[in-house]
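Down below is the structure, laid out as structure tokens.
Taken together, the values in this text are just the output of simple stated rules run on the coordinates, not laboratory data. Note that the coordinates shown come from a computational prediction; the quantities given were computed from them, not determined experimentally. Backbone-built Cβ (ideal geometry, glycine too); neighbour counts: all protein chains shown.
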Amino acid sequence: MTTEPVDVTLSRLRSECDLCGAWSAFTGRTEARDGKTYAVVRCPNGHGEFPVWNRDREQLVAAYVRSRAGLRAPAAFDGAFATLTGTDPAALSRLLAAPGAELPLFSVEDVPVAAADAARWFDLLLGFPGWRPAPSRAVRIEEALATAVKYETPACGEAVRRFASPEELEGLFDRFVRRLRGSDPAVLAALLAAPR
Ligand SMILES: [Zn+2]
């Protein structure tokens with residue numbers, strides 16, 4: 001089953017817990033009722049799971065549901081989901097070495113990638129065909145850039161510049177500065193402005 005590429009990662013489906021305000025990650029499960037599909041999230045502070053519906057996220061949830069229905073290896077996908085949203089870098093390292101057919105894509109800030117695996121994560125972002133739902137090219141580039149900045153890997157920054165056109169990189173600049181918030185946008189500016 002094919003579906004339109006999505007322009008965000010599944011990290012977008014997290015929500016704040018009503019009780020403690022903590023960011024609560026998407027569990028991978030959805031609930032359909034009243035004509036709406038809710039994403040089920042889990043509070044990291046033990047306040048349980050709760051369903052969230054948000055108009056802005058409808059398309060992403062729908063794309064997730066469709067891609068789930070078309071998975072070749074649903075059990076492996078669920079196991080990978082747990083590893084990617086977990087806290088065990090060693091388990092993630094094993095997964096990234098042999099990712100199987102399909103993986104859910106989260107933003108690098110939400111995934112326990114060990115520094116030693118940053119380059120592997122980066123290569124999968126740009127080249128792995130099994131991300132579900134399938135990310136747009138812009139998402140691949142943005143996440144690769146975020147990985148290069150987070151892990152301060154100049155070789156990865158160089159690789160993004162070879163992969164993406166100047167227009168694609170410039171189109172991501174504003175979004176990216178917002179994403180980096182307090183951190184130094186000069187790092188990104190240097191990446192984008194370097195000779196190609
Ligand atoms: Zn809570």
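Brief remarks on what is shown
- Taking trypsin sites (Lys or Arg not before Pro) across region 61-128, the ones in a DSSP loop with at most 12 further Cβ atoms lying within 10 angstrom of their Cβ are Arg72.
- Under-5 Å amide H pairs with Glu16, H placed in peptide plane, nonlocal only: Ser24
- Ordering Asp117, Asp123 by the number of other Cβ atoms within 10 Å of each residue's own Cβ, fewest first, gives Asp123, Asp117.
- Normalising the average separation of contacting C-alpha pairs (under 8 angstrom, six or more residues apart) by the number of residues puts the relative contact order of region 74-193 at 20 percent.
- Counting neighbouring beta carbons within 10 Å and listing from fewest to most, the residues Cys156, Cys20, Cys43 come out as Cys20, Cys43, Cys156.
- Summing Cβ point charges (Lys, Arg +1; Asp, Glu -1) relative to the Cα centre of the chain gives a dipole of roughly 300 debye.
- Under the Karplus curve 6.51 cos²θ - 1.76 cosθ + 1.60, θ = phi - 60°, whole-Hz ³J(HN,Hα) for region 81-95, x wherever Gly or Pro sits: 4, 4, 5, 5, 9, x, 10, 10, x, 5, 5, 5, 4, 5, 5
- Here the Kirkwood formula puts the hydrodynamic radius of region 50-143 at 13.9 Å, using every distinct Cα pair.
- Cβ-based net charge around Trp53, under 11 Å, with every Lys or Arg adding one and every Asp or Glu removing one: 0
- Kirkwood Rh and Cα Rg combined as Rg/Rh, region 10-69: 0.96
- If the Kirkwood radius is taken over C-alpha pairs of the chain, then at 4 °C and 1.567 mPa s the Stokes-Einstein diffusion coefficient equals 74 µm²/s.
- A cut-off of 5 Å between modelled amide H atoms, ignoring neighbours fewer than 5 places along the same chain, links Trp131 with Leu103.
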